[in-house]
Amino acid sequence: MKGTLESTASPMLAVTNLTKHYPAQSGFGRSSKSVVRALDGVSFNLWQGETFGLVGESGCGKSTLVKSLLFLDRPTAGEVWFRGALINPAKLGGYRREVQIIFQDPYTSLPPRMRVGDIVGDPLRIHGTRGASVIEARVADLLRDVGLNPARKHEYPFQFSGGQRQRIGIARALAVQPSLLLLDEAVSALDVSVQAQVLNLLKDLQERHGLTYIFISHDLNVVRHMSNRIAVMYLGKIVELGPADELTAAPLHPYTVALLSAAPSLQRARGNRIRLEGEPPKPTDPPSGCSFHPRCPMARPVCSVETPPLIEWQPGRFSACHFALEVMELSRRVQTREYGIDTAPPVRAPRGENGA
Amino acid sequence: MPLWIPVSSTDLALIANPINVAGPDFPGSEPTTLAERGGPHGIRAVLGRHKVATFGLSLFLAIVLVAILAPIISPHSPYKQNLGDNFLPPMWSEGGSATYPLGTDPLGRDLLSRLIYGARYSLLISACSVLFGSLIGFAIGVVAGFWGGKVDTVLMRLGDIQLAFPFVLFAIAVLAVSIERTVWQIILVLGISSWVLYARVVRGRMLTERERDYATAARALGASRPRVLMRYLLPNVWQVIPPIALLNLGFFVIVESLLSFLSLGLSPPTPSWGSILADGRQFMMITPWMALLPGIAIIVTVLSISLAADGFNDLVDPKLAHGGYLRKPLPGTVHDPEHETGDCLLTVRNLSTRFLTTGGAVHAVEGVDLHLRRGEVLGVVGESGSGKSTLGLSIIQLLDPSGRITSGRVLFEGLDLTRVSNRKMTSIRGRRIGMIFQDPSNSMTPVLTTGFQLREALRASGPVSRERADRLTREALVAVHIADPDRVLRAYPFELSGGMQQRVMIALAMIRNPDLLILDEPTSALDVTTQAQLLDELDRIRRERGTSVLFITHDIALLNGFADRILVMYGGEVCEDGPERDVLRAPQHPYTQALLSAVERASVTADGRLAAIPGDPPDPKRPLPGCPFAPRCPYVMDICWVSKPPRVPVGTHHRAACHLLTTLKELPA
């Protein structure tokens, strides 16, 4: 199902201004001087049944967003509304059942010394299901649902392959019948030949159970295939948001152009891309104004002064760039090879970092 | 990986079968001979392989048996005094008698009986102290690790105080003041003084496990904190205790005798080896055996525990079984008369590498052929179990101790690297062949500056003056496009970003201008944009210096526009190799075709599904007699299960190993 899924109904999940700051130095009695702005005012809506893709590199805040949505860490500021009700971190109750997570590493996401049947069955016990036969039947259903043989419920995780372990993780998450699944790089650690299997399974399950997904990945190809809409994150903020096809065909933010062109591809020759200068910035000392301006190929003076807000440049297309409409020209130049990699500016150390 | 020693049977199985893919049983999948499997697995077989450890274990069990059966086997009561028969020597000495086989002590008590009962008390004290200490230590470690914060700090400082507190002072404080020193008081002293040993390790383990994904998942599922602790964390934490406890057991036997020496041991007449030893000390001149015999008993007990604990160590860590870290060159000539050098820098012929594990032999690489010319880039691509990393390590001769090259040759500029001496190989590494690994944060030591490590690399080829070294290292960093090399030279590796670290690694590898650079997934740990930058760098360097590159990766798309030739591996064997354009545009092997369509995500069915390859990557422990791709191949034929497909040419310098191609060739035109 491609295209936007906005309806007149209200969104299933509404995140407003979600912020999470970590003190950079902690300890007994030491006051923290610098702060890591892991999440810096993130807002978006999520509609029932859609797949919302989240793309970004390390330090962009993807993992923090996941932890904050699960309320494993209390947000510093901002609100999360689920089905119209404001979620209170102190009284999570039913929210825990509604939102579940699938992790990246199939080798550490399952408890190594629990049998698979127990791993999948424990959530049922936690939420009140009683009766060994009831639980057993439900576990068997769940294992079948993800394409595993229920007879293997006595085995341990190490006896399964990576792809099979991810399936176990999915079965575990589905045990509590959630409405929203956070897929945190769920296929990134799998072999390419196995990724497709798991992606197909995820699509099947989405149709069968009416699930909503937030699909986080660094691999743009996968995100494009799976998502209805995509959000691009950079240093704790969403810098672009829009429908998957449109965003990848005609991005409205230079960082998106850079990401798209840097992704290894069999179609496109390697030279066709934006070469980003310098290093990714440190979250403790973000640049002034637009956090991308030190590396941006189209930076202007105003970019270092004013932080661009995330505004809707076209219906459904959001971008946090002062010159969003000019980005299309940049994109065109990359595609027609006017922008290449022959001139190689040196790699600079990030600003604000002192030596040792 | 956290430092931990697994002990349970699940752990043993885990070690023995790291990649045990339970897939459908296909014909010919069972290993053929016992030797292939690396030996049987039953208890008796395991004991058979560890003769020394089994000996130690049996000895210890015998001593425990003696202690348990003391009332039955001891000839006299240990308390019965016979003043008329005191100071008798053992029966083999002059004056000894068979009634008192090992002689008597100053009060005429039979020494043998006292030693037998002494086993009881010594082992009881030791075992109970270990139990007591480990339980307290475990509890405190769990609390400190799980709660963290101030609780953790307070508990750990208490532990520091405990460690700093002189043991003897503590012993005196508790024991000297009591008139009657019982077994339980001694257990108290030993237990309390040892809890820190366990607490620290348990805490460390708990801190690690607490952060793991499965613990987070449990919380996200709604498990309460006590439940996460009990059901998820504790089962993975307690395993650190048994190894420490075992060695502590032996140690406490000695400590108990130490206490007796200080007159803080058991009150007479209770016999323990330590108290007998202490009594015997006074009469060393007259009756030396009174001190000697308990001493021997202590030595034998502690030795048996140590032999058992140490001897069975390789069950929990297979790498220890193969001892020697030193590579042994294979027998044979170093120069191959059949090999024509031409402009081929590297030729690998029929290379096979195996790893010997307790779970069986792992066939990592089977019959691989490749060649690499000067200035060429060869991309080796494969998934898990393909053997690509092992191939790289086999070429540069840096295999784990458990790895063996079982056949083939690695010819580098005419020299067979599998057969050169260690000394020669060391001089080749770094100077003529460089290697870069996946995770740059693990490739450099964090306690030395990058400048130091670069200079060290330079000095490996001979002494270099400090000014020259500084100049060369600076140039090396400039060559990889680092803008402020001086700052980077002064920095420690952990202060640099991943991309910067990997650039430093490239500089390090290139500093002596090697002819061949092997890269094992150098960009997998990096962001997409950094990855692209680094590939540009590598490309530029190799063009400037004419270095040959062997680029190992799991991502075939990276090789587009980067590699000159591509070699595709599956299940330890080569499926296809040829010029980059041909392999990417016109792949001939079904696996290459499937891989490319999976990567491109191009084949999407009407309902939005991808064309997936069914099944899982192969298990290197169970190699098939036929083509490794047979279980997953859409074109599989009967012959594919039974015989290995030969490599046939399918284009200019382009070969593929598939029965389909041989069959097609045989069809009439």
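Read-outs: derived from the displayed coordinates by stated rules, not from any lab. Not measured: the values here are computed from a predicted model. Here the Cβ positions follow ideal geometry from the backbone for every residue, glycine too, while neighbour counts run over all protein chains shown.
Selection among A:N200, A:G242, A:P297 by position relative to the dipole of chain A gives A:N200 as farthest towards the positive end (Cβ unit charges, Cα centre).
Please list log₁₀ I(q)/I(0) at q = 0.06, 0.08 Å⁻¹ for the protein assembly as shown, using the Debye equation with identical point scatterers on the alpha-carbon positions. Results for the protein assembly as shown at q = 0.06, 0.08 Å⁻¹ read -0.57, -0.96.
Counted by neighbouring Cβ atoms within 10 Å, the residues B:D582, B:D484 run from fewest to most as B:D484, B:D582.
The tail of the calculated P(r) for the range B:108-208 beyond 21 Å holds 46 percent of all Cα-Cα pairs. A compact globular protein would have a Cα radius of gyration near 2.2 N^0.38 Å; the ratio found for chain B is 1.26. Listing B:M156, B:M500 from fewest to most neighbouring C-beta atoms within 10 Å gives B:M156, B:M500. Between B:V334 and B:E467, the C-beta separation translates, for a Förster distance of 45 Å, into a calculated FRET efficiency of about 0.70. A crude spin-label estimate for the pair B:D160 and A:L325, with each label 7 Å from Cα along the Cβ direction, gives 6.4 nm.
What's the exposure ranking of B:L567, A:L205, B:L378, going from fewest to most Cβ atoms within 10 Å?
Neighbour counts put them in this order, fewest first: A:L205, B:L378, B:L567.
Hydropathy first: keep DSSP H helices in chain B averaging at least 0.5 on Kyte-Doolittle, then drop any whose Cα extent along the axis falls short of 30 Å, and list what survives.
Details: long enough: B:111-147 (52 Å, 1.54); B:183-210 (38 Å, 0.79); B:289-311 (32 Å, 1.81).
Membrane-span-like by this rule: B:111-147, B:183-210, B:289-311.
Here the extension length gained between A:H209 and A:R300 equals 27.9 nm, from 0.36 nm per residue of separation less the Cα-Cα distance. With the helix formula -39500 (n - 2.57) applied to DSSP H stretches of n ≥ 4, chain A reaches a computed 222 nm mean residue ellipticity of -8000 deg cm²/dmol. Note on B:F494 and B:L124: the extension gain reaches 128.2 nm, defined as 0.36 nm multiplied by sequence separation minus the Cα-Cα distance. If R0 equals 25 Å, the separation of the Cβ atoms of A:S188 and B:L398 corresponds to a calculated FRET efficiency of about 0.35. Remark: the range A:62-221 carries a charge dipole of roughly 520 debye about the Cα centre, counting +1 on each Lys and Arg Cβ and -1 on each Asp and Glu Cβ. For the residue pairs B:K388/B:K621; B:K388/B:K644; B:K51/B:K424; A:K20/A:K203, the C-alpha atoms sit more than 26 angstrom apart in B:K51/B:K424; A:K20/A:K203. Neighbouring Cβ atoms from other chains, within 10 Å of the Cβ of residues in B:483-491, number 3 on average. For the pair the range A:284-303 and the range B:478-493, the centres of their Cα atoms are 23 angstrom apart.
A simple spin-label model places the labels of B:S407 and B:K80 7.4 nm from each other, with each point 7 Å out along Cα-to-Cβ. Along its principal axes, the range A:36-117 has C-alpha extents of 39, 32, 27 angstrom, given from the largest down.
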